[in-house]
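Working notes for the structure below.
The values are calculated or read from the model by the stated rules, or taken from the named source; none is laboratory data. The shown structure was predicted, so the numbers you read here are calculated from the model rather than taken from an experiment. All Cβ positions, glycine included, derive from the backbone under ideal geometry; neighbour counts span all protein chains shown.
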Amino acid sequence: MTTMFLNPAAKSCYDVAKLRGITPQEAASQMLSEGWQFEGYDEYGEQAYLPPLNLVNLTPHAINICDDSGAIIRTIPASGQQARCAVSTSPRFEIGNLKFVSTVFGAVTGLPEPQTDTMYIVSLLVKQAVSHRADVCSPGEMVRDTDGEIIGCKNFNI
């Protein structure tokens with residue numbers, strides 16, 4: 001049998017059972033009660049689960065997660081920390097009272113070091129600046145109300 005894991009973070013209930021000194025059935029039950037999510041089966045046919053994921057919102061506002069109908073199913077509050085890109089602008093020209101500039105984005109600040117089982121939610125600009133980081137995501141497909149205002153997102157960009 002080949003591995004069916006979709007995510008390399010998945011752990012087999014057999015492996016967790018060995019670490020905890022219990023049976024795989026007890027481990028599976030404990031893992032579910034701890035918030036682990038069923039992921040599939042390993043190469044030995046053992047159930048595998050993903051550990052609970054800690055989402056840390058490093059934007060200045062709450063992030064609403066919406067289902068396919070647009071209903072808000074979860075809100076992730078702002079953490080109080082913000083990840084930002086340094087910005088510098090250079091004047092280019094003016095037309096009347098309109099100013100045109102060139103913008104250069106620099107280093108990211110406020111982004112913690114990677115933590116096990118933690119995903120950081122940041123702006124798309126920050127996400128693009130740290131595209132090498134697998135623990136960083138940004139809001140994906142936006143959901144809008146009837147007035148066109150953004151009310152949340154359906155998914156996350158990784």
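Just one of the numbered conditions (1) touching a residue at least 24 places away in the same chain (Cβ under 8 Å); (2) among the charged types (D, E, K, R); (3) not assigned by TED's automatic domain parsing to the domain that holds residue 117 is not true of residue 84: (3). Does residue 121 count as surrounded by 13 or more Cβ atoms within 10 Å (Cβ to Cβ), over 18 Å from residue 85 (Cα atoms) and at pLDDT 95 or above? For residue 121, the condition - surrounded by 13 or more Cβ atoms within 10 Å (Cβ to Cβ), over 18 Å from residue 85 (Cα atoms) and at pLDDT 95 or above - is not met. Screening 145, 117 for residues that are closer than 20 Å to residue 75 by Cβ and in the same structural domain as residue 81 (by TED's automatic domain parsing) leaves exactly one candidate, 145.
Can you tell me which residue among 105, 93 is surrounded by 11 or more Cβ atoms within 10 Å (Cβ to Cβ), aromatic (Phe, Trp, Tyr) and in a strand (DSSP E or B)? Exactly one residue qualifies, and that residue is 105.
Any residue at all in region 116-128 that is among the small types (Gly, Ala, Ser), closer than 19 Å to residue 62 by Cα and not in a strand (DSSP E or B)? Among the residues of region 116-128, at least one is among the small types (Gly, Ala, Ser), closer than 19 Å to residue 62 by Cα and not in a strand (DSSP E or B), which makes the answer yes. Checked across region 77-86, the condition of being in contact with a His (Cβ under 6 Å, 6 or more places away or on another chain), at pLDDT 95 or above, surrounded by 10 or more Cβ atoms within 10 Å (Cβ to Cβ) and not in a loop (DSSP other than H, G, I, E, B) holds for at least one residue. Scanning region 125-155 for residues that are of a type in the set (S, T, N, Q) and over 11 Å from the mean Cα position of the chain (by Cα), which turns out modelled with the lowest pLDDT? Selected residue: 131.
The residue that is nearest to residue 36 (Cα to Cα), counting only those in region 72-106 that are in contact with a helix residue (DSSP H, G or I) (Cβ under 8 Å, 6 or more places away or on another chain) and not basic (Lys, Arg), is 83. Reported count of residues in region 25-71, each being surrounded by 11 or more Cβ atoms within 10 Å (Cβ to Cβ), within 18 Å of residue 156 (Cβ to Cβ) and under 17 Å from the mean Cα position of the chain (by Cα), is 18.
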